[in-house]
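The values are calculated or read from the model by the stated rules, or taken from the named source; none is laboratory data. Just so you know, these numbers come straight off a predicted model, no measurement behind them. For neighbour counting, all protein chains shown are included, and Cβ atoms are generated from backbone atoms with ideal geometry for every residue, glycine included.
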Amino acid sequence: MKKTVSTIAFLAIITLGFASNWQYWRGEDSTGITKEEVGKIESATGLWEKNIGQGYSGASIYNGLVLASGNDGTNDTIYCLKESDGSVIWEYKYAESPGKDYKGIRATPVTDGKTVYSFSRSGRLVCVNLKDGKLVWENNLKDKGIKGLGWGLSSSVIIYGNMLFVQTGGSGMAFDAKTGKILWGEIPGTSSYSTPVVFTYMGKDYVAFLGETLNIKEAKTGKLVANYDWKAKLNVNAANPVVFNDGKNIFLSYGYSGNCILLEFNGTELKPLWQNKNMRSHFPSPIYYNGLIYGSDGNTGRGKLEAISAETGEVVWKDENSNFCSIILAGETIVSIDEKGTLSYYDVSKNTMNKLGSKKVIEGGGKYWTAPSLSNGKLYIRGSNGQFKCVKVK
């Protein structure tokens, strides 16, 4: 295991007290939404760039520290980088195959401010110190019989108090954040490529695990309270469940000419409200905002950015000139990156999508399938071949 450390650099950064973090998969509340606004994309400038190895994991940003990961053909590496210039503060390596197809790590490294958690494509759950990158614990689920997926396990870790949730095993699993010990969940069964979603309904916390079935469990106990069969073609349930309306509604979507559905949750059961083919998200997670669901409809190579009505499921707007893309919402601006590395942004303040501009910001990195991360006026973009770039947008 290799680690390089600069404690002085770490302490200098951590005391600066940056206000805008993006420390989890899909941002501070794991919805892909941030209150931070984005500047003009046409004026975006590259600050630094680094090759971090193959993969599709996103970046997490915490108090001036940037967490990223990739695979070099033999090992996965978790990087802690300096926000200002991309220099390495520490790195942690562990043995992991890159896989045969679409190589590299999928899960985004996340932090609670003290430790960093990551999940490998074969099922290795790792916890290291945020300060110096030293190993705290690891739990190799592959050795315990976790069933792999054709394109590798992909769930990012969701931190819930002293518990960790991972979409793996038969219906999702929970772990002790301090030790990595399994708290509940079944090893046998087919997993999926999505990440769990924690939400609150009527004052009680639940977690949604989407595998071949959507399973709603009590977050604290793991008790199953409701489920709904939602088996995707090739088992590619990759887009996260989108939960909104105070936990009453859950939107699901899958690609390969698949379907989308809106479900109603009442605390004990899930009821379908409508179902159609208007948003068939291959794997980018859609975003709900102000009555509309925004996302990329269709598979890689032919998807289009659109918005559908959450109430009816009808298409409200589609950018016919767009490409397959992943998105975030910054203030009232949708920011997308298409698979060729072009950033675009759209004003959605009036429940429409007014395109404001585009700019190609990176090249030569393979597929740009990973949603960008936004923190302190900077977007972080990664390509599947390892190109990782920090772009200033303010």
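Values computed for the structure shown
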item: Where a residue in the stretch 306-323 is under 19 Å from S336 (Cβ atoms) and in contact (Cβ under 8 Å) with a residue 24 or more places away in the chain and its partner, wherever it lies, is β-branched (V, I, T) and in a loop (DSSP other than H, G, I, E, B), with Cβ under 6 Å and at least six apart; result: W317/T352
item: Single unsatisfied condition, G291 versus (1) of a type outside the set (S, T, Y); (2) crowded, with 16+ Cβ neighbours inside 10 Å; (3) touching a strand residue (DSSP E or B) at 6+ places or on another chain (Cβ under 8 Å); result: (2)
item: Enumerated strands (runs of 3 or more DSSP E) restricted to the stretch 144-195, each holding at least 2 residues that are free of Cβ contacts under 8 Å to residues at least 12 places away in the same chain; result: none
item: Tally of residues being among the hydrophobic types (A, V, I, L, M, F, W, C) and farther than 25 Å from G298 by Cα across the stretch 215-260; result: 5
item: Residue match in the stretch 97-106 (condition: more than 18 Å from the chain's Cα centre (by Cα) and assigned to a strand (DSSP E or B)); result: no
item: Subset of the stretch 162-171 that is farther than 14 Å from N140 by Cα and modelled with pLDDT of 95 or more - its residue that is farthest from the chain's Cα centre (by Cα); result: N162
item: Candidate set from the stretch 347-366 (those that are closer than 16 Å to I52 by Cα and crowded, with 17+ Cβ neighbours inside 10 Å); member that is modelled with the lowest pLDDT; result: G365
item: Out of S336, S344, sole residue that is touching a helix residue (DSSP H, G or I) at 6+ places or on another chain (Cβ under 9 Å), crowded, with 22+ Cβ neighbours inside 10 Å, modelled with pLDDT of 95 or more and part of a strand (DSSP E or B); result: S344
item: Matching residues, the stretch 298-334, being touching a strand residue (DSSP E or B) at 6+ places or on another chain (Cβ under 9 Å), farther than 21 Å from L356 by Cβ and not β-branched (V, I, T); result: G298, S309, A310, E311, G313, E314
item: Test result for T108, modelled with pLDDT of 95 or more and closer than 24 Å to V335 by Cα; result: yes
item: Pairs where the first residue, in the stretch 347-361, is of a type outside the set (A, V, I, L, M) and the second is part of a loop (DSSP other than H, G, I, E, B), C-beta under 7 Å, 6+ apart; result: D347/E332; S349/E332; N351/N290; N351/G291; G357/K40; K359/A44; K360/G341
item: Qualifying positions in the stretch 316-356 - within 18 Å of the chain's Cα centre (by Cα) and of a type in the set (S, T, N, Q); result: S326, S336
item: Matching entry among V88, V116, V110, V126 (being more than 18 Å from F388 (Cβ to Cβ) and out of contact with any helix residue (DSSP H, G or I) (no Cβ under 7 Å at 6 or more places or on another chain)); result: V126
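Table: residues versus (1) more than 23 Å from N351 (Cβ to Cβ); (2) touching a Lys or Arg at 6+ places or on another chain (Cβ under 6 Å); (3) β-branched (V, I, T); (4) part of a loop (DSSP other than H, G, I, E, B).
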site: N227; (1), (2), (3), (4): yes, no, no, no
site: G247; (1), (2), (3), (4): no, no, no, yes
site: F251; (1), (2), (3), (4): no, no, no, no
site: G267; (1), (2), (3), (4): yes, no, no, yes
site: E306; (1), (2), (3), (4): no, yes, no, no
site: T312; (1), (2), (3), (4): no, no, yes, yes
